[in-house]
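A short write-up of the structure that comes next.
Bear in mind these aren't lab numbers, they're just calculated from the coordinates by the rules spelled out. Predicted, not measured: the structure shown is a model, and the values here were computed from it. Cβ placement follows ideal geometry from the backbone for every residue including glycine, while neighbour counts extend to all protein chains displayed.
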Amino acid sequence: MTGTEAEAKPKTPKAPGLLRGSWLVLRKDLVYELENRETLAVLVVFSLAVAFVFAFAFDLSGAEARRFLPGLLWMTFLFASVLGFSKGAALERRGAGYLGLLLAPIPKEAIFLGKAGSAFAFLVFTQLFVTPLFLVFFGVKIGSGEFGLLALVFLLGSVGLVAVGTLLAQICQVARSGDVLLSLGYFPLVVPVLIAATQLSSSVLATTSLGEGPWLQLLIAFDLIYSTAGWLLFRYLVEE
Amino acid sequence: MEPLSLAFEPGRYLLLGPNGAGKSTLLKLLAGLWRPSSGQVLYQGRDIHELDGDYRRQVALLTHELGMYEELTGLQNLVLFGALYGLPRPRRRAQELLELVGLRFFAHERVRAYSQGMKQRLALAKALLHRPKVLLLDEPFAGLDLRGAELLQQILEEAVSPDSLLILTTHDPERGFRIAERFLYLERGVLRAYGDRTRFDAEGIRERLRGVRDVGVF
C-alpha cells in the first residue's frame with residue numbers, strides 16, 4: 001500500500017478501554033441529568049417530604065434523636081436509591097439505549113461500572129442533601145470526627161446498594177420486566193448492607209467511633225461480594 | 001434456531017422468511033449480541049466472543065429498536081456512540097452522517113420529537129458511524145416513507161464497500177433485491193434455500209412467503 005492509499009483509507013478506530021468506556025457511560029447519564037434534572041428533582045422532593053414527615057411524626061431530640069436518626073437516614077437512602085435506579089432504567093429503556101451500549105465495542109464491564117458510577121453519584125448527592133436536613137430537623141450537631149466516620153460509613157453502604165441495584169436494573173432491562181423485579185430483588189438483598197450501615201452510623205453518633213462489633217467487616221465483606229458478583233455476572237447476563 | 005452452518009463472503013445478502021423464522025435471532029447472534037447455546041460464530045476464523053470489542057468495532061446492527069437515547073438530541077447521540085466506537089473526531093463524523101441521512105436541520109432536536117422515519121434514518125446514521133465491515137439490518141425499510149426508502153437504498157449503495165458484508169431482512173423481496181445480490185430463506189429456524197435471484201425465482205420463494213403469510217393470517 002502506498003503512502004497516499006494509507007492516508008486515504010480511514011484508520012480503524014481504537015475502541016475505548018474499561019476506564020474510558022465507563023467514563024463515557026457515566027458522562028452520558030450526568031449530561032442528561034444536568035440538562036433535564038429529572039432524577040435530581042425527584043430525589044430532592046422525595047427527600048424533603050420524608051424529612052418533614054419524620055421530623056413531625058417523631059418529635060425527637062437529644063440522645064433519642066441520635067438513636068433514631070441512623071435508621072431514618074438509611075431508610076431514606078434506600079428508597080431514594082430505588083427511585084434513582086428506576087429513573088436510570090427508564091432512561092435506558094426509552095429508545096433502547098442500552099442496546100446501543102451492548103453493541104458498542106467497549107468492555108461489557110464498562111457499562112456496569114459506568115451505570116454504577118452514575119447511581120453512586122446520585123446516591124451521594126441524596127446523602128449530601130438529606131443528611132444536613134435531618135440533622136437540622138432533629139437538632140443533632142456533629143463534630144468533624146463524627147462527620148468523617150459517617151462519610152466513611154455512607155460511602156461503604158452506598159457501594160453495596162449501588163452494586164446490587166445496578167445489577168438488578170440490568171436484569172430488568174434484559175428480562176424486560178419493568179421495575180417490579182428491581183424492587184422485589186433489591187430489598188431482601190440489601191438488608192445485610194442496611195443493617196451493618198445503620199449499626200455503624202448509630203455507633204458513630206453514640207460513641208464517635210465505629211464500635212467493636214463485626215459491622216464494619218460485615219459491610220466491607222458484603223460490598224466486596226456484591227461488587228464482585230455484579231462485575232462477574234453482568235457480562236453473563238447480557239450475553240446469555 | 002435449528003443447527004445451522006453458514007459461511008458468508010463479503011457481499012449483500014437478503015435474509016427472508018416468515019415471522020418467527022429466526023431472522024432477527026440470526027442477526028443478533030451474528031452481531032454478537034447473544035451467545036449461541038451451542039456452536040460458534042466465527043469472524044475471519046476466530047470466535048466473535050473471543051474477539052469481543054475488536055469484533056463489535058467492525059459490526060453494526062440496526063433493529064426495530066432504536067438503540068439510542070430518546071432524551072438526547074440526534075447529534076448528542078451520534079457523538080456519544082462515535083466516542084464509544086473510539087472515533088477520533090466523533091462530532092465531525094456525526095455531522096457528516098446527519099447531513100447524509102438528511103437530518104442536519106434536526107441535529108439539535110431531541111430524538112423523542114422525531115417521527116418514526118426520522119428515527120429510522122438516525123439509526124442508519126448510527127449504524128454507519130464507524131464504517132462497519134459487517135452491516136446487519138433488520139427490516140430497515142420499516143417506518144420509512146417512499147423518499148426515505150429510496151434514500152436508504154442510495155446510502156447503502158454508496159456507503160457499503162465491496163469488501164463489506166451486508167445482510168438485511170425484509171418482507172419485501174423486490175425492494176431487497178435492489179440492494180442485495182443473494183438471498184437466504186429461513187423457515188422455523190431452518191435454512192430452506194439460498195442462492196441468487198434466479199434461484200429465488202426457481203425455488204418459488206415469493207410464493208412460499210405468501211403462502212406462509214396466508215396460513216398465518218387465516
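Just a few scattered comments:
- Beta bridges by DSSP in chain B, antiparallel share as percent, to the nearest 5: 35
- Nearest-20 debye value, the protein assembly as shown charge dipole, Cβ charges on Lys, Arg, Asp, Glu: 540
- Taking amide H as placed 1.01 Å from N in the peptide plane, the amide H of residue B:193 sits under 5 Å from that of B:185, each at least 5 places away or on another chain.
- Zone of residue A:191's modelled label, taken as backbone nitrogen in the range A:74-89 under 19 Å from a point 7 Å along Cα→Cβ: A:74-79, A:82
- Here the simple spin-label model places points 7 Å from the Cα toward Cβ, and for residue A:93 and residue B:171 these points are separated by 2.7 nm.
- Inter-part distance, the range B:3-44 to the range A:60-135, computed on C-alpha centroids, equals 39 Å.
- Its Cα gyration tensor gives the range B:68-131 an equivalent ellipsoid. The semi-axes, each the square root of 5 times an eigenvalue, are 17, 11, 10 Å from largest down.
- Farthest positive-ward along the protein assembly as shown dipole, Cα basis, beta-carbon charges - from B:75, B:194, A:63: B:75
- Each semi-axis of the equivalent ellipsoid for the range A:16-239 is √(5λ) with λ an eigenvalue of the Cα gyration tensor; in descending order they amount to 32, 19, 15 Å.
- Residue-averaged [θ]222 nm for the protein assembly as shown, counting only DSSP H segments that reach four residues, each worth -39500 (n - 2.57): -20500 deg cm²/dmol
- Rg over Rh, two decimals, chain B (C-alpha only, Kirkwood Rh): 0.97
- Shape class of the range A:56-146 from the Cα gyration tensor (axes a ≥ b ≥ c, square roots of the eigenvalues): prolate, since a/c reaches 1.5 or more and a/b is larger than b/c.
- Cα long-axis angle, helix A:108-137 against chain A (0 to 90 degrees, to the nearest 10): 20
- Inter-centroid distance (Cα atoms) of the range B:75-151 relative to the range A:142-204, Å: 38
- Rounded tilt (10° steps) of A:18-36 against the dominant C-alpha axis of chain A: 70
- Rounded to 5, percent antiparallel among DSSP beta bridges of the protein assembly as shown: 35
- Listed from fewest to most Cβ neighbours within 10 Å, the set B:185, A:236 follows the order A:236, B:185.
- Between the residues A:222, A:137, A:19, the greatest Cα displacement towards the positive end of the dipole of chain A, with unit charges on the Cβ of Lys, Arg, Asp and Glu, is found for A:19.
- Given their separation in residues at 0.36 nm each and the Cα-Cα distance between them, residue A:63 and residue A:36 gain 5.6 nm when the chain is fully extended.
- Principal-axis tilt of helix A:215-239 within chain A, Cα atoms, nearest 10 degrees: 30
- The alpha carbons of the protein assembly as shown give a radius of gyration and a Dmax of 26.3, 89 Å, in that order.
- Relative contact order, percent, chain B [alpha-carbon distance under 8 Å, six or more residues apart]: 33
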